[in-house]
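One structure is given here, and the rest of the page talks about it.
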Amino acid sequence: MNLGTVFVSELVGTAMLVLLGCGVVANVALIKTKGYEGGFLMVNVGWGLAVFAGVIVSYASGAHINPAVTLGLALNGGVAGNTEFVPGIPIDFLSILVYILAQMIGAILGAVFVWLAYKQHFDQEPDPGAKLGVFSTGPAIRSYGWNFVTEVIGTFVLVFVIIGFTNGGTPAELGAIPVAFLVLVIGTSLGGPTGYAINPARDLGPRIAHAFLPIHGKGSSDWAYSWVPVFGPVAGGLLAGLAAVPLLPILA
């Protein structure tokens with residue numbers, strides 16, 4: 001195992017996550033698709049299975065596919081005495097940077113592929129908000145403080161449960177199916193207020209893609225809200241990594 005392998009693994013896994021996750025939103029939100037108006041439950045199921053696919057193809061790196069998971073595991077490892085993300089990859093600044101950089105690039109690439117797959121539907125969709133919603137999350141009721149709280153709570157649950165199931169290990173050690181069900185229940189339980197980004201790369205990467213892609217009739221990329229699905233998940237992941245030490249004693 002080396003950082004090159006980690007980079008490719010996380011890039012491919014995050015790209016797959018975003019391609020299938022944002023893809024199901026496109027299928028529900030864009031006019032004239034086969035899944036048009038399929039509803040929020042369809043989106044939740046699609047995102048859960050997108051996580052399943054992303055974990056499967058990024059198993060080698062531990063399948064973080066989420067900067068909040070990487071940071072939460074790093075903090076938890078530092079406090080609990082774990083020294084490696086996966087065998088051969090120490091928890092340090094360079095490895096954290098490689099994980100997050102790969103996740104961001106993968107998320108942008110996944111979003112580009114969604115646009116290519118649904119190009120004709122983007123062209124015919126009259127609502128700029130629906131187009132942005134394919135790429136990035138937005139609140140049902142805009143209140144930046146409370147939206148931030150929602151993202152902190154949702155991401156805390158994600159990282160805390162992963163650590164609890166794996167005794168400080170990775171999503172890959174938990175397994176693709178349990179992680180998929182975990183994301184599904186977070187979406188159905190806590191996703192209503194903000195659309196549950198719970199992943200800075202999942203939201204910021206596609207938002208960047210929305211900004212530079214030549215999408216017909218697109219509107220604003222809503223940068224005023226963009227900090228919420230980045231810093232909320234980061235805070236939630238870090239809090240979970242820290243809280244897991246006293247609340248989830250690691251078994252020998």
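Here are the numbers for this structure:
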| item | result |
| --- | --- |
| Residues of type aspartates and glutamates that Lys32 reaches as a straight line, Cα spacing below 17 Å, ignoring anything fewer than 8 places off in the same chain | Asp123, Glu125, Asp127 |
| Of all accessible heavy-atom area on the range 12-84, the percent that carbon and sulfur account for (1.4 Å) | 68 |
| Percent RCO, i.e. relative contact order, over the range 101-252, from Cα pairs under 8 Å lying at least 6 residues apart | 40 |
| Accessible solvent surface per residue of the chain, calculated while the other protein chains remain in place, 1.4 angstrom probe, Å² | 42 |
| Estimated FRET transfer efficiency (Val79, Ile31; beta-carbon r; R0 45 Å; 0.05) | 0.35 |
| Paramagnetic reach from Asn167 (point 7 Å along Cα→Cβ, amide N under 20 Å) across the range 76-102 | 76-89, 91 |
| Ranked order, Met16, Met1, Met104 - accessible area, probe 1.4 Å, largest first | Met1, Met16, Met104 |
| Exposed-site-free run, longest, the chain (rule: trypsin sites (Lys or Arg not before Pro); DSSP loop; at most 13 other C-beta within 10 Å) | 143-252 |
| Spatial separation of Cα centroids for the range 166-200 and the range 67-87, in angstrom | 17 |
| Contour excess over end-to-end distance, with Cα ends at Leu242 and Gln124 and 0.36 nm allotted per residue | 37.8 nm |
| The range 108-160 shape via C-alpha gyration tensor axes, a/c threshold 1.5 | oblate |
| Distance histogram for the range 1-152 (every C-alpha pair counted, 5 angstrom bins, percent rounded to whole numbers) | 2, 10, 16, 18, 17, 15, 11, 7, 4, 1, 0 |
| Pair Ala224, Leu101: separation of 7 Å Cα→Cβ label points (nm) | 3.5 |
| Derived scalar couplings ³J(HN,Hα) [the range 60-73; Karplus, 6.51 cos²θ - 1.76 cosθ + 1.60; whole Hz; x for Gly, Pro] | 4, 8, x, 6, 5, 6, 6, x, 5, 5, 4, 5, x, 5 |
| Helix-only CD estimate at 222 nm, as mean residue ellipticity for the chain, using -39500 (n - 2.57) per DSSP H run (n ≥ 4) | -22500 deg cm²/dmol |
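The values are calculated or read from the model by the stated rules, or taken from the named source; none is laboratory data. Every value quoted in this text rests on a predicted model; they were computed, and no experiment measured them. All Cβ positions, glycine included, derive from the backbone under ideal geometry; neighbour counts span all protein chains shown. Ligands, DNA and RNA are stripped out before the accessible areas are found, and what is left, the full protein with its side chains, is counted by its heavy atoms. Shrake-Rupley method; radii C 1.70, N 1.55, O 1.52, S 1.80 Å.
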